[in-house]
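Written out below as structure tokens is the structure these notes cover.
The values are calculated or read from the model by the stated rules, or taken from the named source; none is laboratory data. In this text the structure is predicted, and so the values were computed from the model without any measurement. Counting neighbours? That spans all protein chains shown, and the Cβs are built from the backbone with ideal geometry, glycine included. Just so you know, the surface numbers come from the protein's heavy atoms only, side chains and all, with ligands and any DNA or RNA stripped out. Shrake-Rupley method; radii C 1.70, N 1.55, O 1.52, S 1.80 Å.
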Amino acid sequence: MENREKVYGRPLQDLYKGLLKLPAAPRQPEWIRELGQALQKEGFHYHPRTLKRQLLGSIEYIPGKLEEAFLEHLKAKPIAGQKKLLDSFAQTKTALENSPDDSLYVSPKFLTQMADAYLYRHKGLSRRKLALSLSRSLEKRGISIGLETLQAALSNKTQKVRKVLEEELLDYFRTEGFAGRAEVEAYLNETEAAGRGEVRKVEVGDLSQWADAYLLKHPGLSRRQLALQVRDRLEKKGYVYHLSSIQSVLEGKTRKTRQVIVETLKELLESEGLDTGAAVEPSDASRLDWSHYVSAEGVPAQVQALLDVHAGLTRRQVALKLQEDLRAKGFHFSLSTLQYLLAGKTQRVKKVVIDLLETYAQPGGFPEPVKSSRGHGVNGSRQALQKRVEESLERYRMAEGAEREARHELFQEARWELIRRVALKRQAPVLTNGRRRKDLLGEGENAEGFYEGNADSGEIAVAYDVRESLDRLVS
């Protein structure tokens, strides 16, 4: 008997009630306390009130381990007059095991096959939702079966099931056009070959390690983003899952899941050429650790300490340095996102950001900020910016995939900075000779306020009116 299997509780409940009526019976609280302690040694933790409800018949199906522990405890502490009760218990168990399919309690095989087939027909339905539906429809007939009991029966965790439950689910198929049991059995055989097993629960196993392997191949990708990809693939197959449920599976927090989730993740990995049987190397553990989210509570204090040490340093400069170092590690953050989290406006942040901030706090861990020059030298800085725009555009054109999007952001940032510089020069004061400083206009600019050229043809272009560009910057 498996530890997690549930059994029909009436035989044990009758035995317990009979024992309580014996003259030498122990006090009920003491018996339940000792039974609970015996179960704890086996790794099963039950509240005394729960044990009492299970032993007195408030719960129809009980854990098989409870029945086993009860009999062992009774054997260790026998009670005078218990033999007749134990004989009756054994007879009831035997009769239950040998009961024919037309009796009150039947084998769960046909019910669980119907449940799998029904869930396969209605892929957006979960086993719990099916149990809730059955509970409501049975209550309309005056039959009350607990939700946990129904879920255990539908999941094949019981030795026997109520025949009325089997008939109720059979009626569900009849309402969908099936004539009777024979036609449903024929349909079960068809769906078995068609892949009905994908709705069954299976052990998660090494699935979280598969997710780790995928994250190693795609640095900077989070489990949430991987869960989104898995969810999209499941939706194409007709299965609807909440994102948090898939994340829980990928993080190894779920012991069992539907086979279709395991198969879908395996398909995704194999499409990337990844071996699902390969284990994650210890050297890659730190890279995976960087992708985990941790509390961002201490980030503002870390940034402020950095600003206090380096005079003239700004949060934007810290964000720029972070962005550069993160890209070197394969993580792509936009500048606005980094400034947002450095200001303490997020609750969680990837651990790689915390690690870099801790590195910056070390002596010599952060370079001294370069003070901006004033007066002449404006043309030189403009030329450096022009070169930065050209280089960022070239890198953008050569990039592929997720990196291409990050390179595009860098190009746009440099491009808008160039617009801003041009705008400032348009607003430069008039010289003493009364003429505008036309020497500040670089090659490719004209007096109407345009910076001409075509990015697609290989030239850097800011083909917007300067005032319009400024409006866009501040909007």
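Of the residues T112, T346, the one with the largest accessible area comes first in the ranking T346, T112, computed with a 1.4 Å probe on protein heavy atoms. Once the dipole of region 184-248 is set up with Lys and Arg at +1 and Asp and Glu at -1 on Cβ about the Cα centre, which of W210, H242, S222 lies farthest towards its positive end? Farthest towards the positive pole: S222. Scaled against 2.2 N^0.38 Å for its residue count N, the alpha carbon radius of gyration of region 131-273 is 1.29. Computed from label points 7 Å out along Cα-Cβ, the spacing between R420 and K83 is 9.6 nm. Can you give the accessible area of R255 in Å² (nearest 10), computed on protein heavy atoms with a 1.4 Å probe? Rounded to the nearest 10, that gives 110 Å². Counting only protein heavy atoms and a 1.4 Å probe, region 1-113 has 58 square angstrom of accessible area per residue.
Leaving out ligands, DNA and RNA, and with a 1.4 Å probe, what % of the accessible surface on region 1-114 is carbon or sulfur?
On the way: 3310 of 6530 Å².
Solvent-exposed carbon and sulfur of region 1-114 make up 51 percent of the total.
Taken about its Cα centre, region 113-165 carries a charge dipole of about 100 debye when Lys and Arg each add +1 at the Cβ and Asp and Glu each add -1 at the Cβ.
Using only side-chain charges placed at the Cβ, +1 for Lys and Arg and -1 for Asp and Glu, the dipole size of region 110-246 relative to its Cα centre rounds to 420 debye.
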